[in-house]
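Have a look at the structure below, then the notes.
The values are calculated or read from the model by the stated rules, or taken from the named source; none is laboratory data. If you're wondering where the values come from, they're calculated on a predicted model, not measured in any experiment. For neighbour counting, all protein chains shown are included, and Cβ atoms are generated from backbone atoms with ideal geometry for every residue, glycine included. Accessible surface areas use protein heavy atoms only, side chains included; no ligands, DNA or RNA. Shrake-Rupley method; radii C 1.70, N 1.55, O 1.52, S 1.80 Å.
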Amino acid sequence: MERFRFLTSGESHGKCLTAIIEGVPAGFRIKTAVINEDLARRQIGYGRGGRMQIEHDTVEIKSGVRFGKSTGAPICLEIKNKDYANWQDVMNTEKQDYPTEDAIRKIEGKSFTTVRPGHADYAGFVKYNLSDLRDVLERSSARKTAIEVAVGSVAKQILKEFGIVGFSHVIQIGNVKLDFYPKTYTLIKEKAEKSDVRCADELTSDRMKNAIDEASEAGDTLGGKFEVIFGNLPIGLGSYSHWDKALDGRLAQAVMSIPAIKAVEVGAGVDAAFLKGSQMHDELFVKNKIVYRNTNNAGGLEGGMTNGETLLIKGTMKAIPTMRKALATVDIKDLSPASAHFERSDTCAVPACAVVAEARVAIILTDALLEKIGGDSLEEMKRHFND
Ligand code: EPS
């Protein structure tokens, strides 16, 4: 069974972020410029912190692609952290036997022991038996989602060959909700791409930005909600035959494991609780031998499989736990009461998170497509797809 899978490595302020993707069949056009566009989309977003001014994320394809086309070999991607220039002493991978006084000052300056409630700090410190929470922060940071977006961009380039396309948009920040959706998905996409909070309505975008400003002034942070939409999916990706083959479960895991996600919904999602069977289920009709439906409460998934309708996934992100308004916590040095650690962070990262979720969904869909149609080359996949 063909699989599209990947591993990443890299710390927030380390040298670079790396991914190795396995399972890209030969013959696909993989464009660096397209990956870089997606990386830039992740960086945009009102409410982001100072780091986004330092980084201009660009990818280097290091293997698995020749003359712009995949060869079937593993693809290695790398994004350099520009900020590493300022962290070389702190993030050095080698043990320094005689560190300079300057290096010691820098390392101590970046060490911390006051747990941030809501972050990975406390459980990470206990689990890995660490003494400096810097070691937890560096890998648990959402910085690693940059390389995941690069992997997702490769997946999107594969899906596009089969006409499968998708996007993401923000539907809530704090208590500001998108109430009026533009009529078509094309319009939602166009408008969301133009908004610096990825929201498809200008007035709502402005209200979202005001909410971010207010939170920022108060030293607070904001969460929200986004939607990922993919269309033109063939029927039958995923399966009802076993729990781990169900596509809804695989998509939920992919979105749920993005840092700070607290809920994932498919189609009507949590509103399904309020709907009677007669209101919830999408009736089928036929015209000219083509089956169609007028509603999509199922969000494109029935029985853990794509059903030919548009895939609709929502994600809820909690407010970022690194806050100027310090919460009560403990110091792990001596378990004394303390104020939580603060360092440069974002006030709101929901727009960026939407782009990350779009990438994760694309990865799962590519895996499921390969699983269904198989093939070691684009040509072979196309033959299987059209059969
Ligand atoms: C991020 C980079 C980080 C943070 C953010 C996401 O940069 P720095 O820590 O250097 O400011 O802006 O990470 C977090 C908020 C977090 O809690 O991990 C990025 O590239 O997305």
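Two-decimal Rg/Rh of segment 42-164 from alpha-carbon positions, Kirkwood Rh?
1.05
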Suppose each label sits 7 Å from its Cα in the direction of the beta carbon; what would the residue 232-residue 245 distance come out to in nanometres? 2.7
Let me test this: with uniform point scatterers at the alpha carbons of the chain, what is the Debye-based log₁₀ I(q)/I(0) at q = 0.10, 0.11 1/Å? -0.71, -0.85
If you build the Cα gyration tensor of segment 179-324 and take the root of 5 times each eigenvalue, what three semi-axes come out, in whole angstrom, biggest first? 32, 20, 13
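Normalising by the residue count of the chain, find the relative contact order in percent from Cα pairs under 8 Å and 6+ residues apart.
RCO, the chain: 23 percent.
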Over segment 1-88, what relative contact order in percent results from Cα pairs under 8 Å that are six or more residues apart? 38
Give me the distance in nm between label points sitting 7 Å out from Cα along the Cα-to-Cβ direction at residue 32 and residue 287, one decimal. 4.8
Please check which bits of segment 1-41 a label hung off residue 387 would reach, taking the label as a point 7 Å along Cα-to-C-beta and the cut-off as backbone N under 19 Å. 1-4, 25-26
Of 74, 99, 259, which has the largest mean-square fluctuation in a 10 Å C-alpha GNM of the chain? 99
Taking Cα atoms, the helix 101-110 axis meets the longest principal axis of the chain at an angle in degrees (rounded to 10) of 50
By the Cα gyration tensor axes a ≥ b ≥ c (a/c under 1.5 gives rounded; else a/b larger than b/c gives prolate, otherwise oblate), the shape of segment 164-260 is oblate
Within straight-line cross-link reach of residue 276, lysines at Cα separation under 22 Å, skipping those fewer than 8 residues along the same chain: 314
Give me the angle, in degrees from 0 to 90, between the Cα long axis of helix 32-43 and the longest principal axis of the Cα atoms of the chain, rounded to the nearest 10. 60
Above 21 Å lies some portion of the pair distances; for segment 257-360, what is it as a whole percent of all C-alpha pairs? 57
Rounding to the nearest 10 and keeping the result within 0 to 90°, find how far the Cα-based axis of helix 247-256 lies from the longest principal axis of the chain. 20
Rounded, prolate or oblate for segment 71-123? Axes are the square roots of the Cα gyration tensor eigenvalues, ordered a ≥ b ≥ c, and the cut-off for rounded is a/c under 1.5. oblate
Work out how much length residue 184 to residue 98 would gain on full extension: take 0.36 nm times their residue separation and subtract the Cα-Cα distance, in nm to one decimal. 24.7 nm
Along the Cα→Cβ direction, 7 angstrom out, place labels at residue 278 and residue 55. What is the inter-label distance in nm? 5.2
Could you work out [θ]222 nm for the chain from helices alone, using -39500 (n - 2.57) per DSSP H run of at least four and dividing by all its residues? Round to the nearest 500 deg cm²/dmol. -10000 deg cm²/dmol
Taking only protein heavy atoms and a 1.4 Å probe, the highest-to-lowest accessible-area order of 16, 353 is 16, 353
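Leaving out ligands, DNA and RNA, what percent of the accessible area of the chain is carbon and sulfur, probe 1.4 Å? Intermediate results must be reported in sequence, preceding the final value.
Working: 10270 of 19570 Å².
Carbon with sulfur: 52 percent of the solvent-accessible area.
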Convex hull volume per residue in cubic angstrom - Cα atoms of segment 20-75: 90
Using a Förster distance of 41 Å, how high is the FRET efficiency between residue 294 and residue 325, based on the Cβ-Cβ distance and rounded to 0.05? 0.30
Largest fluctuation, 127, 31, 82 only, Gaussian network model of the chain with Cα springs under 10 angstrom, belongs to 127
Residue 225 neighbourhood, Cβ < 12 Å, K/R = +1, D/E = -1, net charge +3
Given the options 108, 60, 22, state which has the largest fluctuation in a GNM of the chain using a 10 Å cut-off (strictly under) for Cα springs. 108
Report the gain in length on full extension from residue 334 to residue 380: 0.36 nm times residue separation, minus Cα-Cα distance, nm rounded to one decimal. 10.4 nm
